[in-house]
Amino acid sequence: MRRLIGLLLFLAATSAWAGAQVEEKLAASVRAGLAKAISDTAAPRLIFPTEAEGRAWLAEMSRRLEKRIPDRETREDFLRTVQYESVRAGLDPQLVLGLIQVESGFKKYAVSRAGARGYMQVMPFWVKMIGSPGDNLFHLRTSLRYGCTILRFYLDVERGNLFRALGRYNGSLGQAEYPNLVVGAWKNHWSYPVRTAEDGGRSPRG
């Protein structure tokens, strides 16, 4: 099983996954809530209990991402945005990094065969449903804000079931391959120790 997951992770790392979120009819109240969730205009910033923890996280994630995004300024801006948008949506930033690895291979202008766009491979119909006509899914923050908001929505729909939420995100609900790829990337490449209130120290997240 480990060898199979390793092979799938290798394939995912070399090409964008053909993501295809399925357009669903949403109640007006749900659409309004999602639209509000993507309307944030605050500048992305690291959200950690202390500045030192934020610097440590950024340094470590930057080291891991260096081969994929060589330019330091671009890489750190990307990571700050991932961390901010993930935490804002109530998601683990490491999970989101794993999803981006599988969905787009960290390629800003990735386009799937189904037409999904950007880092988080968001389908254009979402712009019509919850966004504004000028929203550009290839824009770093726009892609991450939409992607994190959509994944949070699917997690809520599935009552916290990550595998089913990931299946919905990819348009492959009920199939194990995609959720296994994302969780494998998360655990094998992006796992990071975080401080918890329970242990008062540092323990692995996820």
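The values are calculated or read from the model by the stated rules, or taken from the named source; none is laboratory data. No experiment lies behind these values; they were computed from the predicted model shown. FYI the Cβ positions are ideal-geometry reconstructions off the backbone, even for glycines, and counts take in every protein chain you see.
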Quick check on segment 70-97: of everything there that is hydrophobic (A, V, I, L, M, F, W, C) and in a helix (DSSP H, G or I), which residue is surrounded by the fewest Cβ atoms within 10 Å (Cβ to Cβ)? Val87
Out of the residues in segment 110-147 that are aliphatic (A, V, I, L, M), buried (at least 24 other Cβ atoms within 10 Å of the Cβ) and part of a loop (DSSP other than H, G, I, E, B), state the one that is nearest to the chain's Cα centre (by Cα). Met120
So in segment 158-189, with the set limited to residues that are modelled with pLDDT under 95 and of a type in the set (A, V, I, L, M, F, W, C), which one is surrounded by the fewest Cβ atoms within 10 Å (Cβ to Cβ)? Ala176
Segment 29-61, residues that are part of a helix (DSSP H, G or I) and polar (S, T, N, Q): Ser29
Residues that are touching a Gly at 6+ places or on another chain (Cβ under 9 Å) and either among the charged types (D, E, K, R) or farther than 17 Å from Gly118 by Cβ (or both), drawn from segment 131-155: Arg152, Phe153, Tyr154, Leu155
Go through segment 51-69 residue by residue and tally those that are in contact (Cβ under 8 Å) with a residue 40 or more places away in the chain, in contact with a Phe, Trp or Tyr (Cβ under 8 Å, 6 or more places away or on another chain) and surrounded by fewer than 19 Cβ atoms within 10 Å (Cβ to Cβ). 2
Answer residue from segment 1-28, given it is in a helix (DSSP H, G or I) and exposed (fewer than 10 other Cβ atoms within 10 Å of the Cβ) and is modelled with the highest pLDDT among those: Ala28
Does segment 82-95 include one or more residues that are modelled with pLDDT under 75 and not hydrophobic (A, V, I, L, M, F, W, C)? no
When you look at Tyr192, is it over 19 Å from Ala110 (Cβ atoms), of a type outside the set (D, E, K, R), in contact (Cβ under 8 Å) with a residue 24 or more places away in the chain and surrounded by 17 or more Cβ atoms within 10 Å (Cβ to Cβ), yes or no? yes
Being of a type in the set (Gly, Ala, Ser) and surrounded by 19 or more Cβ atoms within 10 Å (Cβ to Cβ) is the filter; apply it to segment 98-109 and report the residue that is nearest to Trp190 (Cα to Cα). Gly98
